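Contents: one structure, followed by commentary.
The values are calculated or read from the model by the stated rules, or taken from the named source; none is laboratory data. What you are looking at is a predicted structure, and each value in this text was computed from that prediction instead of being measured. As a convention, Cβ positions derive from the backbone with ideal geometry for all residues, glycine included, and neighbour counts pool all protein chains shown. Surface accessibility is based on the protein's heavy atoms, side chains included, excluding ligands, DNA and RNA. Shrake-Rupley method; radii C 1.70, N 1.55, O 1.52, S 1.80 Å.
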Amino acid sequence: MTDLAASFNPAAAPSGTGCDECDAVDGWWVHLRRCAACGHIGCCDSSPAKHATAHYHRTGHRVMQSFEPGEDWFWDFEAGEMVEGPELAPPTSHPDTQPAPGPRGRVPLDWRDHIG
Ligand SMILES: [Zn+2]
Ligand SMILES: [Zn+2]
């Protein structure tokens, strides 16, 4: 179990503007989540690959923040509840011009049939 306070690194910049693990396989996502500890950007649990949760299981980094424009809530995977956290290094969301689901051009027309 990781100490909650140690799960936030306000200095860690986000790893990018999309889910790198989806990009590697031409995948797509519904929403993006940012690891509060290291800045890893992964896709949410409604997405086909659920890379944000996979990152938690792989690393033990237990808190993530929404990487969607206008959202700043944190989720603690370990406690299974929302938590408060500090302001993280910008940018705190993907660009407004990037659609959700995204990325542009890779979302199948029947994407609603693929989400959890
Ligand atoms: Zn992904
Ligand atoms: Zn992390």
Give the accessible surface of the chain per residue, rounded to a whole number of Å², with probe radius 1.4 Å and ligands, DNA and RNA excluded. 53 Å²
Applying a 4.7 angstrom Cβ cut-off across the chain, unpaired cysteine residues come out as CYS35, CYS38, CYS44
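Suppose the chain between ALA13 and CYS38 were pulled fully straight at 0.36 nm per residue; how much longer would it get relative to their current alpha carbon spacing? It would help to have the intermediate numbers written out before the result.
Details: separation 25, 0.36 × 25 = 9.00 nm, distance 0.76 nm.
Answer, rounded to one decimal: 8.2 nm.
More than 22 Å apart: what percent of Cα pairs in the chain qualify? Kindly include the intermediate steps, with their values, before the conclusion.
Values: 1836 of 6670 pairs.
Beyond 22 Å sits 28 percent of the P(r) for the chain.
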What number, rounded to the nearest 500 deg cm²/dmol, is the helix-based mean residue ellipticity at 222 nm of the chain, given -39500 (n - 2.57) per DSSP H run of at least four residues and division by all its residues? -2500 deg cm²/dmol
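In the chain, what percent of the accessible surface is made up of carbon and sulfur (1.4 Å probe, ligands and nucleic acids excluded)?
On the way: 3250 of 6160 Å².
Carbon plus sulfur share of accessible area: 53 percent.
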For PHE74, what residues show an amide H to amide H distance below 5 Å, using hydrogens built from the backbone and excluding near sequence neighbours? VAL83
Roughly how many Å² of LEU88 are accessible to a 1.4 Å probe, to the nearest 10? 10 Å²
Note down the relative contact order for the chain as a percent, whole number, built from C-alpha pairs under 8 angstrom at least six residues apart. 28 percent
